[in-house]
Amino acid sequence: MVKTKAGPPPNVICVVKLSVIVPFYNVQQYAPDAIRSLRANAREDFEFILVDDCSTDGTKEILEQAERDLPGAVLIRRSENGVAAARNTGIDAARGEYLTFMDGDDWAAPGYFAQLLDSIEHLGCDFVRTDHVRCTGAQRTVHRVPFGPRNVVVPPRSVILPAERSTPVDYPYSWAGAYHRRLVDEGLLHMPEDLRTAEDRPWIWALHRKAKSFAVPDLLGIFYRRGVTSSLTQIGDTRQLDFIRSFDRVLAETAEDPEADRFLPKAVRTYCAIITHHLATIEKFEPQVARKLRSMSAAALRRMPQDLLNDTLNSMDLARASQLRRLRRRPSTAGEAAA
């Protein structure tokens, strides 16, 4: 007797409950781990949208095999590279009632996506955010959403503050959570495609300012691989400087919020913290990019609301505040300061 693969009865269309969107770009070393973890999460009502973001290594062949072998796999090939656009392509193709993300060099624990779906359905909120495991070589470190209560639904606006502490808007990872489809309909899930890095910063701020409900379930199961050489966070070229345009956008959009007076101090403080972070790692940049980083950061400081910037500098530790004050006084040419 010939055994056939089990499946739904003829003419029965399975409703997709969860769409997992996974961009891949030149990760042939890690893509097999990602695909294996998706296979360990496969379910009849799940789909895995694999987006080939113009890979030039062996990733393409790995994804073609996955399209044949991975239950629920949908392969999409892009003609232009860009992680935000790749995620948006996946969002546009997704059929699920809920959506989530994973990167092509990361992986998920077996059964993680089923637990993630159960959590957001049980909580009944617009989106959930989850803790994750950061993997640097053989080292494993748990990174938690900076919000203490677990399994408690709250308005996401209510957790943007306080300005002086880390909050959920400082935890921008799109893959650390799940999102109801209504956020797509409300224009809150797509990311700005003109940003080559830090595209998730305006995204997470808009999500927390405009969505109605969120929670942090007691769930851990996504593994983030840190230190991948193809990752933009590891590349010291001019693309990294897009964080400035990203935070300019955060400030501009927050300034239009009805509670701008409450939220702008947090946005300014975070912007300053990110500038000092990049200055602390300036040796990774090429010399001309390092010069441009200083000039663009100086111009950014002068663009900020100066009263809020002064308040921020007065509340920061002396070393960082002094560095930013010196930087603000630094002259810059129009060409160097342009993002």
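For residue 141, the criteria (1) outside any strand (DSSP E or B); (2) of a type in the set (Val, Ile, Thr); (3) modelled with pLDDT of 95 or more hold in every case but one, which is (1).
Quick grid of which residues meet (1) without any contact (Cβ under 8 Å) to a residue 24 or more places away in the chain; (2) of a type in the set (A, V, I, L, M); (3) open to solvent by 40 Å² or more (accessible area, probe 1.4 Å):
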residue: 169; (1), (2), (3): no, yes, no
residue: 175; (1), (2), (3): no, no, no
residue: 178; (1), (2), (3): no, yes, no
residue: 187; (1), (2), (3): yes, no, yes
residue: 203; (1), (2), (3): no, no, no
residue: 215; (1), (2), (3): no, yes, no
residue: 226; (1), (2), (3): no, no, yes
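Against the definition (within 15 Å of residue 241 (Cβ to Cβ) and either of a type in the set (Gly, Ala, Ser) or at pLDDT 95 or above (or both)), how does residue 267 come out, yes or no? No.
Within the stretch 246-264, can you find the residues that are surrounded by 21 or more Cβ atoms within 10 Å (Cβ to Cβ) and not small (Gly, Ala, Ser)? Steps first, answer last, please.
First pass over the stretch 246-264, keeping only residues surrounded by 21 or more Cβ atoms within 10 Å (Cβ to Cβ): 246-247, 250-251, 254, 263.
Within the stretch 246-264, 247, 250, 251, 254, 263 meet the criteria.
Within the stretch 53-72, the only residue that satisfies the criterion of being open to solvent by less than 20 Å² (accessible area, probe 1.4 Å) and over 16 Å from residue 29 (Cα atoms) is 70. Scanning for something among the small types (Gly, Ala, Ser) and within 17 Å of residue 226 (Cβ to Cβ), does the stretch 114-135 turn up at least one residue? There is no residue in the stretch 114-135 that is among the small types (Gly, Ala, Ser) and within 17 Å of residue 226 (Cβ to Cβ). The residues in the stretch 60-78 that are farther than 19 Å from residue 14 by Cα and under 22 Å from the mean Cα position of the chain (by Cα) can be counted, and the count is 3. Residue check: is residue 280 free of Cβ contacts under 8 Å to residues at least 40 places away in the same chain, within 21 Å of residue 164 (Cβ to Cβ), open to solvent by 20 Å² or more (accessible area, probe 1.4 Å) and of a type in the set (A, V, I, L, M)? For residue 280, the condition - free of Cβ contacts under 8 Å to residues at least 40 places away in the same chain, within 21 Å of residue 164 (Cβ to Cβ), open to solvent by 20 Å² or more (accessible area, probe 1.4 Å) and of a type in the set (A, V, I, L, M) - is met. For the stretch 175-194, the criterion of a residue being closer than 22 Å to residue 269 by Cβ, among the hydrophobic types (A, V, I, L, M, F, W, C), out of contact with any Cys (no Cβ under 8 Å at 6 or more places or on another chain) and in a helix (DSSP H, G or I) is satisfied by no position.
The values are calculated or read from the model by the stated rules, or taken from the named source; none is laboratory data. Keep in mind it's a predicted model, so treat the numbers as computed, not measured. Ideal geometry is used to build each Cβ from the backbone, glycine not excepted, and the neighbour counts take in all protein chains shown. The protein model used for the area step is the full one, side chains on, heavy atoms only, and it has no ligands, DNA or RNA in it. Shrake-Rupley method; radii C 1.70, N 1.55, O 1.52, S 1.80 Å.
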